[in-house]
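Down below is the structure, laid out as structure tokens.
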Amino acid sequence: MNGAIFVAGHRGMVGSALCRALEAKGLGPVLTRTRSELDLCNQAAVEAFFAEQQPQTVIHCAAKVGGIHANRSYPADFIHDNLAMALNVIHSAWRHGCQRLLYLGSSCIYPRMAPQPLQEEALLTGPLEETNEAYALAKIAGLKLCEHYRSQYGVIFHSAMPTNLYGPGDNYHPEHSHVIPGLIRRFHEAKAAALPSVSIWGTGRPRREFLHADDLAAGLICLLEAENPPDLVNIGSGEDLPILELAKLIAQTVGYEGEILTNPEMPDGTPRKLMDISNIRSLGWEPRMGLEEGLAAAYEDFLGAECRVRSAN
Ligand code: GFB
């Protein structure tokens, strides 16, 4: 990687993991901007930033993300913000001489009923999952922007397709979060209040694959170091489990011993989305963090975040 590296979204869970990994490899210092310094949805501001800084490498980690309930509740915000950020960052990066841009998709943008494990070729071969259609359409547009700028202009703009992620700095909001941080909070609060049972959303039957953000960061660096990477590469742990099993693991991690109930009034989403990770493996990357170890680290992170909130109040 030559010249300045700009990590868009460096304060998010993925962006911060990537900055730590880049710096640990001696590839920093990394160019960053907070949201108040640079609104990536503002086309003029993004254009001025790229004209001035001219980063040679861009990793676009900025995104409006949330769990199944947030995606269903705020589809306009998810499609608008993610489309605007992708369009502004990719176009201005190209206009100002960036040679290498890595964009992030998500396993949830593959067709809902695509054959498992999901291969990269499955993209756009069938209808999307309705709970996150808005997010998926914006992400697919970003991926396609990269592919077409690469083919028309010869720049190496390419994409990674991460599975469901968790890790330090996750969003622990009770309703807007993804399942791991959401359930960490719910079980923790149930334990503190000595509640006899905890309800999880949906039937507990959908299967999900989870990857720690630090493993993803190593995978992103592996893709950035590849001379001629494919347009699209999956990054996952290669293993999945039913949500009810995940809930039991989280309860165990937190030390909650009450009953776990399901709530079929809440959506299940896609039945399964396990990634085929042969392509990233062939580039030399392997997932390292096992789920139980990762959940223990995530619970520590949650406790630290709670502590910081309490001492700020
Ligand atoms: O993590 P999650 O929201 O992501 O939900 P998705 C995963 C599964 O866990 C779903 C169930 O079947 C949920 O119904 N679940 C059970 C819960 N209890 C809870 C809970 O307390 N909170 C949450 N959030 N889920 C998202 C997409 O879908 O995947 C996004 O909507 C995103 O666009 C992400 O890209 C990776 O896998 O269902």
- Task: Enter the accessible area per residue of the chain (Å², integer; probe 1.4 Å; all protein chains in place).
- Result: 45 Å²
- On the formula 1/(1 + (r/R0)^6), with r taken between the Cβ atoms of SER197 and GLU293 and R0 of 25 Å, the FRET efficiency rounded to 0.05 is 0.35
- Task: Report, in degrees rounded to the nearest 10, the 0 to 90 angle that the Cα long axis of helix 291-312 makes with the longest principal axis of the chain.
- Result: 90 degrees
- Task: Step through the table entries LYS25/LYS248; LYS64/LYS273; LYS139/LYS191; LYS25/LYS191, compare each Cα-Cα distance with 31 Å, and write down the pairs that go over it.
- Result: LYS25/LYS248; LYS139/LYS191; LYS25/LYS191
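Give the calculated FRET efficiency between GLU227 and GLU121 to the nearest 0.05, with a Förster radius of 22 Å applied to their Cβ-Cβ distance. Write out the running numbers ahead of the final one.
Values: r = 22 Å, r/R0 = 1.00.
With a Förster radius of 22 Å, E is 0.50.
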- Task: Answer with one residue from THR34, PRO267, PRO127: the one whose Cα lies farthest towards the positive end of the charge dipole of the chain, charges on Cβ with Lys, Arg +1 and Asp, Glu -1.
- Result: THR34
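For an R0 of 45 angstrom, estimate the FRET efficiency from the Cβ-Cβ distance between GLU47 and MET266 and round to the nearest 0.05.
Details: r = 42 Å, r/R0 = 0.93.
Efficiency, rounded to the nearest 0.05: 0.60.
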- Starting at the first residue of segment 224-239, write each ³J(HN,Hα) from the Karplus equation 6.51 cos²θ - 1.76 cosθ + 1.60 with θ = phi - 60°, in whole Hz, x for Gly and Pro. 5, 8, 6, 5, 9, x, x, 4, 9, 9, 5, 9, x, 8, x, 9
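Enter the per residue convex hull volume of segment 89-220, computed from alpha-carbon coordinates, in Å³ rounded to the nearest integer. Before the final figure, lay out each step's value.
Numbers: hull volume 18.3 nm³, N = 132.
Expressed per residue, the convex hull around the Cα atoms of segment 89-220 is 139 Å³.
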- Over the heavy atoms of VAL65, what accessible area does a 1.4 Å probe trace out, to the nearest 10 Å²? 80 Å²
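Compute, for segment 5-312, the length of the dipole vector about the Cα centre, with Cβ point charges of +1 (Lys, Arg) and -1 (Asp, Glu) only. Units Debye, rounded to 20. Spell out each step's value before the answer.
Details: 26 positive and 36 negative charges, 70 e Å.
Result for segment 5-312 is approximately 340 debye, rounded to the nearest 20.
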- Query: What angle do you read, to the nearest 10 degrees and between 0 and 90, between the alpha-carbon axis of helix 43-53 and the longest principal axis of the chain?
  - Reply: 60 degrees
- Query: Could you give me the ³J(HN,Hα) list for segment 100-107, computed from phi with Karplus coefficients 6.51, -1.76, 1.60 and θ = phi - 60°, whole Hz, x at Gly and Pro?
  - Reply: 9, 9, 10, 10, 10, x, 6, 4
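Once you list every other residue whose beta carbon is under 12 Å from the beta carbon of THR163, what net charge do they have if Lys and Arg are +1 and Asp and Glu are -1? Walk me through the intermediate numbers first.
On the way: positive: ARG207, ARG208, ARG272, LYS273; negative: GLU209, ASP215, GLU239, ASP240, ASP276.
With Lys, Arg at +1 and Asp, Glu at -1, the neighbours total -1.
Let me check I have the definition right: for the chain, take the eigenvalues of the Cα gyration tensor, multiply each by 5, take square roots. What are those semi-axes in whole Å, largest first? Intermediate values should be presented prior to the final figure.
Values: eigenvalues 210, 92, 68 Å².
With the √(5λ) rule applied to the chain, the semi-axes are 32, 21, 19 Å.
What is the extension gain from GLU175 to GLU306, computed as 0.36 nm multiplied by their sequence separation minus the C-alpha to C-alpha distance, in nm to one decimal?
45.5 nm
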- Message: What is the sum of charges, Lys and Arg at +1 and Asp and Glu at -1, for the other residues whose Cβ falls under 15 Å from the Cβ of ASP231?
- Response: 0
- Message: Using each residue's phi in segment 208-219, evaluate 6.51 cos²θ - 1.76 cosθ + 1.60 at θ = phi - 60° and report the 3J(HN,Hα) Karplus result to the nearest Hz, with x for Gly and Pro.
- Response: 9, 9, 10, 10, 6, 4, 5, 5, 4, 4, 5, x
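If you stretched the chain out fully between ARG20 and ASP77, how much longer would it get, using 0.36 nm times the residue separation minus the C-alpha to C-alpha distance?
Details: separation 57, 0.36 × 57 = 20.52 nm, distance 2.91 nm.
Roughly 17.6 nm would be gained on extension.
When DSSP beta bridges are limited to those with both residues in the chain, what percentage is antiparallel, rounded to the nearest 5? Intermediate values should be presented prior to the final figure.
Working: 4 of 31 bridges.
If we restrict to bridges inside the chain, about 15 percent are antiparallel.
Using a 1.4 angstrom probe on the protein heavy atoms only, line up GLU130, GLU189 by accessible area, largest first.
On the way: GLU130 160, GLU189 90 Å².
So the residues, ranked largest to smallest area, are GLU130, GLU189.
What does the helix-only formula give at 222 nm for the chain: each DSSP H stretch with n ≥ 4 adding -39500 (n - 2.57), the total divided by the residues, and the result rounded to the nearest 500 deg cm²/dmol? All intermediate terms of the calculation are to be shown ahead of the outcome.
Working: 10 runs with 137 residues, N = 313.
About -14000 deg cm²/dmol.
The values are calculated or read from the model by the stated rules, or taken from the named source; none is laboratory data. Only a predicted model underlies this, so the values are computations on that prediction, with no experimental measurement involved. Every residue, glycine among them, receives a Cβ derived from its backbone with ideal geometry; neighbour counts consider all protein chains shown. SASA here: full protein model, heavy atoms, side chains in, ligands and nucleic acids out. Shrake-Rupley method; radii C 1.70, N 1.55, O 1.52, S 1.80 Å.
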